[in-house]
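What follows is a set of notes on a single structure, which appears directly below.
The values are calculated or read from the model by the stated rules, or taken from the named source; none is laboratory data. Given the structure is predicted, the values throughout are model-derived calculations rather than measurements. Cβ placement follows ideal geometry from the backbone for every residue including glycine, while neighbour counts extend to all protein chains displayed. When the accessible area is computed, the model is the full protein with side chains, heavy atoms only, and any ligands, DNA or RNA have been set aside. Shrake-Rupley method; radii C 1.70, N 1.55, O 1.52, S 1.80 Å.
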Amino acid sequence: MIETQNVTKAYGEYNALRNLTLTIGKGEFVFLTGASGAGKSTLLKLLLLQERPSEGDVVVGGRNLARLSPGEVQAYRRTVGFVFQDFKLIAAKTVFENVSFALRVLGVPIDQQRRRTYQVLKWVGLQHRLQAFPLELSGGEQQRVAIARALVNDPQIILADEPTGNLDPELSIEIMKLFREINTRGTTVLVATHNPELIRFVNRRSIHLEHGRLDQVGGMP
Amino acid sequence: MLGYAFEEALASLRRGGRAAAMSMGTIAIAFLALGGFLLISANLQRMVQRWMESAEVSVFLRDDISDDARAEVEQRLKGEDAALQVDFLTKDEALERFQADFPELADVTPTLGSNPFPASFEVRLRPGATVADEAAALATRVSELSGVADVQFDRQWLERVLSFIAGVRVAGFALTVVLLLGAAFTVTAVVRLSLHARRDELDIMQLVGAPFGFIRGPFVVEGLLLGGIGALLALLVLGGAYASVRGWLTPALSGLLAGEAASFLSFGDMLLLAGAGLGVGALAGLVASRSAR
């Protein structure tokens, strides 16, 4: 599903990723681990096409991302759900609007927008906070809204960058349970984290990066 | 998608407040200048057109012209295609007309001893675009006839007035283009401001894979609305100004316009102005939205 071949990403003299080659299969749940600055976020940015590699190829679902036109980039992103540490919710929109927004910009008919948004918010347990604004929610609730938005258009891949970085341990476990459940539906999940507790809890493969290089590809911890 | 673009653009204009109003004002000033030039030049042109249609060629005769030569001149004039009507004005009639037209100078004429005004033929010309050239040729031919002292063709100076009006119009358009460029830059700046205000939202739209039309649409519509409302404001101000001066302008101009009233911009001109406002605004919005990628 996801392949990187000899990928290097340089920012001036600094190489955030160095000659990275890895493969993640369809339907896998994989942790991306490593210290701050190891290159976890950079790899996720390459997969979301927020950045382009300096060298090498990133291939997702058989498509070489470097060869996508701007329009194809947007079409590709519709197949990928993202979750960030800082939630990236729109403060001026309600919970319902934040989630349905991902469908609205795709031109989904309004009745389908409503139905699917409600379903996914119910699934993350926020059906009672539909009209609340993000700043009225706890950190865990905000992250659940972000997860709902990532899931609402039924993506093939979920990319999460330190999704529990701002949450306490209990909430972090709750969020991981959601990711595990998403994965059981067949969605490929890639979670960047440096929290060993979570890796142990989910008990899936982890890819460890160090200074932009592949340090080890672990099996179950 | 269009509904979303309008909804977001209107919300952005509400948020923009003073900056949006300033942008509309700049557009309005530019279009006020353009509309004003169109209005004034169209009426001036119509006025001169009327004068041209009633223009005459005056053929002044020498005092010692024989009856035969005069009859010859008259016959030649009546045979011309450009001539609609040929009237003979005797020396005495010319003097009487002068005294009637300039009563304050009526006392002067008896002191001259003899009547200085020549007899003349006044040739009313057939209206039409090509008659000016034909009449100019007529004037040249007639001036060579014996007994003809001078030929005056007042259309020549009218044509100079017309070319002056065309010049004024070109200058007006040039000024308008400069003003419109200024207005377009203002719209671009205002749209960029709203783009920065919605930076986070745009980032999220890009990440969820929103089509570029969806991302840029609201900014193009915002520019479109700024331009359109600005042009509409200009038309309203111009219409109001015209309505307030029409009362005293029409009697003043009725003589010059051969009894016709001064007229406001045609429907086509108004559509052109509104369309130009929408176009300039949308283009400026599109330019600004190109940074939303």
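Helix B:212-254 axis versus longest C-alpha principal axis of chain B: approximately 30°, rounded to the nearest ten.
Of all DSSP bridge pairs formed entirely within the protein assembly as shown, close to 65 percent run antiparallel. Based on alpha-carbon atoms, the Kirkwood radius and the radius of gyration of the stretch A:1-150 give Rg/Rh equal to 1.02.
If you average the sequence gap of Cα pairs under 8 Å that are 6 or more apart and divide by the length of chain A, what percent do you get for the contact order? Contact order relative to length: 29 percent.
For the peptides A:182-192, A:121-131, residues were scored by their other Cβ atoms within 10 Å and the scores averaged per peptide; the highest-first order is A:182-192, A:121-131. If you model the stretch B:19-61 as an ellipsoid using its alpha carbon gyration tensor, with each semi-axis the square root of five times an eigenvalue, the axes come out at 43, 7, 4 Å, biggest first.
Shown here: the stretch A:25-102, whose C-alpha atoms stretch 41, 34, 26 Å along the first, second and third principal axes, sorted largest to smallest. Across all Cα pairs in the stretch A:63-221, the calculated P(r) in 5 Å bins from zero up to the longest distance comes to 2, 9, 17, 20, 20, 15, 10, 6, 2, 0 percent per bin. Based on DSSP H segments of at least four residues, each scored -39500 (n - 2.57), chain A has a per-residue ellipticity at 222 nm of -10500 deg cm²/dmol. Adding -39500 (n - 2.57) for every DSSP H run of four residues or longer, then dividing by how many residues chain B holds, sets the calculated 222 nm ellipticity at -24500 deg cm²/dmol. Share of Cα-Cα pairs in chain B beyond 24 Å, in percent? The answer is 66 percent, as a whole percent. The tail of the calculated P(r) for the stretch A:130-221, taken as Cα-Cα distances beyond 16 Å, holds 58 percent of the pairs. Taking Cα atoms only, the orientation of helix A:110-123 departs from the longest principal axis of chain A by about 70 degrees. If you model the protein assembly as shown as an ellipsoid using its alpha carbon gyration tensor, with each semi-axis the square root of five times an eigenvalue, the axes come out at 86, 23, 17 Å, biggest first.
What does the average come to when, for each residue of peptide B:208-217, you count the partner chain Cβ atoms lying within 10 Å of its Cβ?
Partner-chain Cβ atoms within 10 Å, mean over residues of B:208-217: 6.
Taking the stretch B:95-238 on its own, what percent of its Cα-Cα pair distances exceed 24 Å? More than 24 Å apart: 67 percent of the Cα pairs in the stretch B:95-238.
When B:Ile65, A:Ile147 are compared by accessible surface with a 1.4 Å probe, the order from highest to lowest is B:Ile65, A:Ile147. Only protein heavy atoms count here, probed at 1.4 Å, and on that basis chains B and A bury about 1600 Å² of accessible area in total. Quarter the surface of the alpha carbon convex hull of the stretch B:25-127 and you get the mean projected area, 10.4 square nanometres. For the set A:Leu32, B:Leu179, solvent exposure ranked by accessible area (probe 1.4 Å, protein chains only) runs largest to smallest as B:Leu179, A:Leu32.
Computed from the Kirkwood radius of its Cα pairs, the Stokes-Einstein diffusion coefficient for the stretch A:1-55 at 20 °C and 1.002 mPa s stands at 183 µm²/s.
Placing +1 on the Cβ of every Lys and Arg and -1 on the Cβ of every Asp and Glu, with nothing else charged, gives chain B a dipole about its Cα centre of roughly 2420 debye. So what's the angle, to the nearest 10 degrees on a 0 to 90 scale, between helix A:169-184 and the longest Cα principal axis of chain A? The answer is roughly 80 degrees.
Over the protein assembly as shown, accessible surface divided per residue gives 48 Å², non-protein components excluded, 1.4 Å probe. Taking the protein heavy atoms of chain B in the context of the full set of protein chains, the accessible area attributed to carbon and sulfur is 63 percent at 1.4 Å.
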